Amino acid sequence: MSVATGGSEAAAAGGGGGGGGRVFFQSPRGGGGSGREDAVSAAVQVQQRRHQQGKVTVKYDRKELRKRLVLEEWIVEQLGQLYGCQEEEMPDVEIDIDDLLDAANEEERALKLQETLVDCYKPTEEFIKELLTRIRGMRKLSPPQKKSI
């Protein structure tokens with residue numbers, strides 16, 4: 001950035017007092033640019049940077065995510081019925097779908113669910129059977145994959 005000092009015109013316009021001149025700043029590109037043009041140029045550069053950052057996107061399998069969301073909503077509803085309370089009042093019960101999908105077979109999955117629901121005073125067999133039916137064929141959610149352009 002270069003600095004230019006105003007001459008006698010600036011001092012006269014300022015009301016004449018004091019012997020010092022005003023200081024004006026100029027852009028390093030040389031005279032021609034106004035402040036408005038510089039602001040527009042800066043805005044265009046910012047927009048270009050944002051566009052470059054937006055080139056990397058993350059690809060999710062939306063169908064699997066939707067199925068998972070529907071299943072999780074169903075689980076919360078069923079747990080509310082089993083425990084006889086609203087979601088906010090429900091004991092801390094965590095059913096990890098990916099953990100169930102990692103299990104070797106249906107029996108191991110059922111055992112994990114029974115251990116999780118051990119504090120439930122209502123019968124859980126129907127819930128467990130239905131949940132195992134619903135997760136059949138589902139895939140474990142993998143970390144998002146980067147999609148390159």
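Quick look at the numbers
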| read-out | value |
| --- | --- |
| Accessible surface, the stretch 83-142, averaged per residue in Å² (probe 1.4 Å) | 69 Å² |
| Chain lengthening between L69 and Y121 when straightened (0.36 nm per residue, less Cα-Cα) | 16.1 nm |
| Rounded FRET efficiency, nearest 0.05, which uses the C-beta distance separating D61 from V93 and R0 of 22 Å | 0.25 |
| Cβ-derived FRET efficiency at R0 25 Å, M138 paired with Q86, nearest 0.05 | 0.40 |
| Cα-based reach from K67 at 16 Å (exclusive), listing aspartates and glutamates while leaving out same-chain residues under 8 positions away | E77, D96, D98, E130 |
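The values are calculated or read from the model by the stated rules, or taken from the named source; none is laboratory data. Keep in mind the model is a prediction, meaning the values are calculated, not measured. Cβ sites come from the backbone with ideal geometry, for glycine too, and all protein chains shown count toward neighbours. Just so you know, the surface numbers come from the protein's heavy atoms only, side chains and all, with ligands and any DNA or RNA stripped out. Shrake-Rupley method; radii C 1.70, N 1.55, O 1.52, S 1.80 Å.
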